[in-house]
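See structure below.
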Amino acid sequence: MSSAVLYLAIVIVWAIVLVPMWLRRDTEATGISRLLHKRPEEAEAAEDDEEEIPDEVPEPRRPVSRATVIARRRRRTTGLAALLLTTIAVAASGLAPWWITAPPVLLLAGHLALLRVAVGMDAAHRRAATQAARAAARTRALEARRAAEATEPAEVIELITPDDVFDQYADDRRAVGE
């Protein structure tokens, strides 16, 4: 019975690893299909025998947003934690030996270590972007100041106002034709 549980645990771990890989195939040029394409050396020998086939340019991958990366990290952490809790429950119930919890513990610990590095890298990217934005703002402010100093001051013209200003609400005013 314990060997069946062990095989089941192995299948579950591989499913956790492989299913996201199968679901993540974005284009034809990724994964196993990349290995199936001919190498350049083989393509040259094949061109002599066959007519030329136009090369298909794969579509560029769309950029991955920060929200997508965070969601992926959250799903992976949740999956590894669920796997760990499952193996702990199986080991605690006596269906399998205690050491089946070792692989999920190692996987979760490695994932958490990678998350820690990723947080540091994200902070470094944020600091670099902030510094670049501040430098660009300082440059724009300096250019604006230089442009303001280079321009001539505007000439002030005094407007002469008549003493008799039209007031539409005055009593002695009438509309045209009255």
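Other residues lying with their Cβ under 13 Å from the Cβ of GLY120 contribute a combined charge of +2, Lys and Arg counting +1, Asp and Glu -1.
Report the FRET efficiency, 1/(1 + (r/R0)^6), for ALA113 and VAL19, where r is their Cβ-Cβ distance and R0 is 22 Å, rounded to 0.05. After rounding, the FRET efficiency stands at 0.40.
Order the peptides 74-86, 119-131, 149-161 from the highest to the lowest mean number of other Cβ atoms within 10 Å of their residues. Working shown, then result.
Details: 74-86: 14.5, 119-131: 10.3, 149-161: 5.8.
Ranked from most to least packed, the peptides come out as 74-86, 119-131, 149-161.
Measuring r between the beta carbons of LEU95 and ARG61 and using R0 = 35 Å, the FRET efficiency lands at 0.20. Taking R0 as 41 Å, what's the FRET efficiency between VAL156 and HIS125 from their Cβ-Cβ distance, rounded to 0.05? FRET efficiency, VAL156 to HIS125: 0.20.
No lab work stands behind these numbers, since they all come straight from the coordinates. Every value quoted in this text rests on a predicted model; they were computed, and no experiment measured them. Because the Cβ atoms are built from the backbone with ideal geometry, glycine has one as well, and the counts that use them run over all protein chains shown.
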